[in-house]
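Here, each number is a calculation from the coordinates, and none is a lab measurement. These numbers were taken from a predicted model, which means no experiment stands behind them. All Cβ positions, even for glycine, are placed from backbone atoms using ideal geometry, and neighbour counts span all protein chains on display.
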Amino acid sequence: MPELNPQPLPPSPRWADAMPPGPVAGTKITAAYAAQVARDAYFLAWPMVNLYNRRLGFAPVTEIFRSGPLVNAPLNQLAMFSDYIEPSERSVACPNQDVVYGAGQIALDLSPVVIQVPDFGDRFWVYQIVDARTDGFANIGAMYATTPGFYMLVGPTWQEAVPAGITRVFRSSTNTGFVGPRVFMDDTPEDRQAIQPLLRQIMMYPLADYDGTMKSKDWTALPTVPPPPSGEAETKWVFPEKFVDQLPAVLADAPPLPGEEARYAQVLAVLDAANADPALKDAMTQAAAEADAQLVAPLFEFRNYGLQLPHHWSTVANGANFGVDYFTRTAVAKSNIYVNRPEQAQYFYQDLDADGRRLNGAHRYAVTFARNATPPVHGFWSLTLYNEHHFFVSNDLNRYSLGTKNKDLVVGSDGSLTLAVQADSPENANRPNWLPAPKDADFSLYLRAYWPKAAITDGSWTPPAVRRLA
C-alpha cells in the first residue's frame, strides 16, 4: 500500500480513557458553569464549526457551476477558476490575485477522493489540503517535488485496498476538510492562455469515478446561475445561536488530539446536561454570542495577534499546522482562513505605518525593497491591499496586488523597488508600481511569500517599513 501520511498530531488513541466524563451524568450544574464551558468551547471550535457549515452549504450541490464570482462543486469534487478571482468574491477573506484558484469541500466519510496532478513543468503550484481544524495533511506541490499522477485522500477509519495507479495516499484525522489548488499565473494575456490546458486536468472526484485515466474539464464553459446576495464582509459561516446544537457533530468529526481528551469529555458532558435543561442551553448560547463578540471578533484585525516583527509587521509560524494552538488557529481562521503551511507560504500582515498609525487612504505610502531585497522565494511574492473587510478595493486598473506576476515594475537607479500605496494616481513613470488604496478609508497590506527561502523561514528577512509620505 502507498505510504499513509498522518497529520503531525494524530488523534488521541486514549480518548476512551477520559470516559465516563465529568460531571457525572445527572449531576446538577449551574448555568454559570455551563456558560463558562461554552465560552471556552466556542473559541476552540470556531474554525471547525466554520468548515462544518461550509460543508453543509455545499451538501445540496449536485453539479459544478459558476455563481457570480464563485465556482461551486458537489462534495468530494472541486471546481477551478480560469483566471484570477474576481474582486466581488465574499466567500473567503484575503484572496490573492497571483494564482488561479480551485476549491472543493471534502467529506471523506462519504468516500475517499482522488486528486489529479498534471505536469506543471517549471510553473509554481501547490494544492492546499486541510482537515476540519484547518491543519494541512497532504504534501502536494512544487516544493515537495510532487510528480504528475493520481493522489488519494482517505478518512480516519478507511482501510480498503488502494487501486493500482495511485501514487500516494494521504490520511486525514477528520472526515471534513477543504482542497484548494493554487497555480501561479503571470499577469499577461500570453500566460492566461498558456495555463488553460493545465487547469483542465486539475480535478477531484470520488474513488468510484477513478479509472486510471487523466480526466479533463473546460473550466471556462461552466453553466452559470445567478449569485446569491452578498454584503461587504465575508459570508458568515459560524452562528452562535446554532452552536450548542452543532457542536456534538463537529467534535465527533474531529476526535481529540493528545491532551484534549478531558477537555472534550467536559464539553460533551455539559452539552448532554443542556439537552435536558433549556435554561442551561440558553446560558450556553448566550455565552457563545458573547465569546463571538468579545474573543473572536477582535482577532479579525491583524495587529491583535501573531509574532511581532520590525516596523509593525506580524506573521505566524505555524500556519495550517496549528495542532492545539487554539488562539492562533482561531485568529487566522477569523481573519484569513485557508492559509498554507510555512514551507508552502509565509504571510506578513500590516495594519499600521512605520510610526504605528492606522493605514488609511487619506495618506500616501511607500514600501521600498532595497536592491536584491525583495522577498526571497522559490515560488512568487506579492504585496496585496485589502479594505477594512479584508477584500479587494475596486479600482479602474483592476489591480489588487503587485509582485512577481507583474512584468513592468519600475526599478530605481540604485536597484531598489518602491511600491506606491495611495488612492490617487502617481506620475506616469511610477504608475506600474501603484497599488491603489481606498480614498479616506482604512486598509491593510498583506505580503505573501510562496515557497519561501531560508532567509524567510529562519526570520532573517522581514518586510520593509510602510512609510507615510503625506
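Here is how the numbers come out for the structure above:
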| read-out | value |
| --- | --- |
| Over the chain, relative contact order from alpha-carbon pairs under 8 Å, at least 6 apart, % | 19 |
| Cα-based shape type of region 362-470, given that a ≥ b ≥ c are square roots of the gyration tensor eigenvalues and the cut on a/c is 1.5 | prolate |
| Exposed trypsin sites (Lys or Arg not before Pro) absent - longest run of the chain, DSSP non-H/G/I/E/B, at most 11 other C-beta within 10 Å | 29-235 |
| Potential lengthening between Phe239 and Ala194 on full extension [0.36 nm per residue; Cα-Cα distance subtracted] | 12.0 nm |
| Cβ-derived FRET efficiency at R0 41 Å, Gln286 paired with Thr220, nearest 0.05 | 0.25 |
| Long-range lysine pairs (8 or more apart or interchain), the chain, Cα under 29 Å | 17 |
| Theoretical FRET efficiency, 1/(1+(r/R0)^6), r = Cβ-Cβ of Arg123 and Asp272, R0 41 Å, to 0.05 | 0.20 |
| Shape call, region 216-303: gyration tensor on alpha carbons, a/c limit 1.5 | prolate |
| Net length gained if the chain between Trp15 and Asp355 were fully extended (0.36 nm per residue, minus Cα distance) | 117.4 nm |
| Neighbour-count order for Ser67, Ser444, Ser413, Ser111, fewest beta carbons within 10 angstrom listed first | Ser413, Ser67, Ser111, Ser444 |
| Residue-span extension gain [Leu110 to Asn430] - 0.36 nm each, minus C-alpha spacing | 109.8 nm |
| Förster radius 25 Å - calculated FRET efficiency between Asp83 and Thr167 (Cβ-Cβ, nearest 0.05) | 0.30 |
